[in-house]
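Participant: Mind looking over this structure? Questions follow.
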Amino acid sequence: MSTISSIEDVYGPTVNICAKFNHMGESNKFFIGSDLFIHAKTVMGFKFDEINKERCSVLKFNYLVYYVKKS
């Protein structure tokens, strides 16, 4: 919570990572990182395609990003 607002805000590495890979995708598409993919990969009704690694070079470390679509 900031000193000039009563609304809680989110900070930290997770937000920074998402902000970096969010702009890699096209409009109206949904992307997740490898941490969420570990838990979501068994969810029925969805397909997860790994994004081309060259497109992920915006990240300073090897972090896989997946495009989520209905199957």
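Participant: What pairs can you find where one residue is in the range 8-20 and at negative phi, the other is exposed (fewer than 10 other Cβ atoms within 10 Å of the Cβ), and their Cβ atoms are less than 8 Å apart, with a gap of 6+ or different chains?
Facilitator: From residues that are at negative phi, the pairs are GLU8/MET1; ASP9/MET1; ASP9/SER2.
Participant: Would the range 9-17 turn up any residue that is surrounded by 10 or more Cβ atoms within 10 Å (Cβ to Cβ) and not in a helix (DSSP H, G or I)? I'd like the intermediate steps shown before the answer.
Facilitator: Taking the range 9-17 as the starting set, the residues that turn out to be surrounded by 10 or more Cβ atoms within 10 Å (Cβ to Cβ) are 14-17.
Right, trim to not in a helix (DSSP H, G or I) and you get none.
No, the range 9-17 contains no residue that is surrounded by 10 or more Cβ atoms within 10 Å (Cβ to Cβ) and not in a helix (DSSP H, G or I).
Participant: Can you confirm whether the range 17-24 contains a residue that is modelled with pLDDT under 75, touching a Gly at 6+ places or on another chain (Cβ under 9 Å) and farther than 19 Å from SER71 by Cα?
Facilitator: Yes, there is a match, as at least one residue in the range 17-24 is modelled with pLDDT under 75, touching a Gly at 6+ places or on another chain (Cβ under 9 Å) and farther than 19 Å from SER71 by Cα.
Participant: Would you pick out the residues in the range 28-45 that are of a type in the set (Gly, Ala, Ser) and surrounded by 10 or more Cβ atoms within 10 Å (Cβ to Cβ)?
Facilitator: Selection gives GLY33, SER34, ALA40.
Participant: Oh, and also: Restricting to the range 31-70, count the residues that are modelled with pLDDT under 70 and either touching a Pro at 6+ places or on another chain (Cβ under 8 Å) or not hydroxyl-bearing (Ser, Thr, Tyr) (or both).
Facilitator: To start, the set of residues in the range 31-70 that are modelled with pLDDT under 70 comprises 53-61.
If we keep only those that are either touching a Pro at 6+ places or on another chain (Cβ under 8 Å) or not hydroxyl-bearing (Ser, Thr, Tyr) (or both) as well, we get 53-56, 58-61.
Count: 8.
The values are calculated or read from the model by the stated rules, or taken from the named source; none is laboratory data. Computed from a predicted model, the values in this text were never measured in an experiment. All Cβ positions, even for glycine, are placed from backbone atoms using ideal geometry, and neighbour counts span all protein chains on display.
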